[in-house]
Amino acid sequence: MAQPLLDAVAPVHAPAGAEAWLPFAECRDRVPAALEPWLAEPGLLTARVRAACGPTARLHMLRLDPAPLDPHIARRLGVDDATCLLREIEFTCGARRWIFAQTVLPQSSVKHHPWLRELGDRALGESLSAVEDVRREPLEYLELHGRHPLARAAGADASTGSLWARRAVYRLGDWPILVQEVFLPALGRCD
């Protein structure tokens, strides 16, 4: 039987010079009221999107490519890997993009869990729920400006206002992955 995903390990703070991902309590006063329930969602985001959007909710894989592993992220994950698989997906409601998600899959984690490269358009969270020995570390939050690399990956540019993101490290036994979710301006609106 699979274990529930748990917020089990305290977050590691960002190194000097890197952006500061924070616990929700430390940034809650800056979060728009309509976005707060989405950011604070303790369960699977996929389930929340489906409940809010109904039958027009879709998950689309945008990218699954080898990439260099950012040294800050490697330290956050506690791995020595220089490369990773970068998976990017979007949740849509009708034609509107609600959430962009980027998953960083270190090569060592993919080597021990090769099914990670075969997810396609399946939701990662739902797949992880069926895996033994999965732990989720506490969620971390960051307000992104339009030039932030994660905001740009989500389709933002310098003219885009700030976007909120959250991230969590999931540990599949000893093998970590990082999931980063960016909440887009159309969130909550359907066509």
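Between the C-alpha center of the stretch 84-109 and that of the stretch 160-183 there is a gap of 10 Å.
Mind ranking 174-181, 150-157, 130-137 by how tightly packed they are, going by the mean number of other C-beta atoms within 10 angstrom, highest first?
Values: 174-181: 20.6, 150-157: 17.6, 130-137: 15.0.
Output ranking for 174-181, 150-157, 130-137: 174-181, 150-157, 130-137.
Values quoted throughout were computed directly from the atomic coordinates according to the rules given, and no laboratory measurement underlies them. Predicted, not measured: the structure shown is a model, and the values here were computed from it. Glycine gets a Cβ as well: all are built from the backbone with ideal geometry, and neighbour counts include every protein chain shown.
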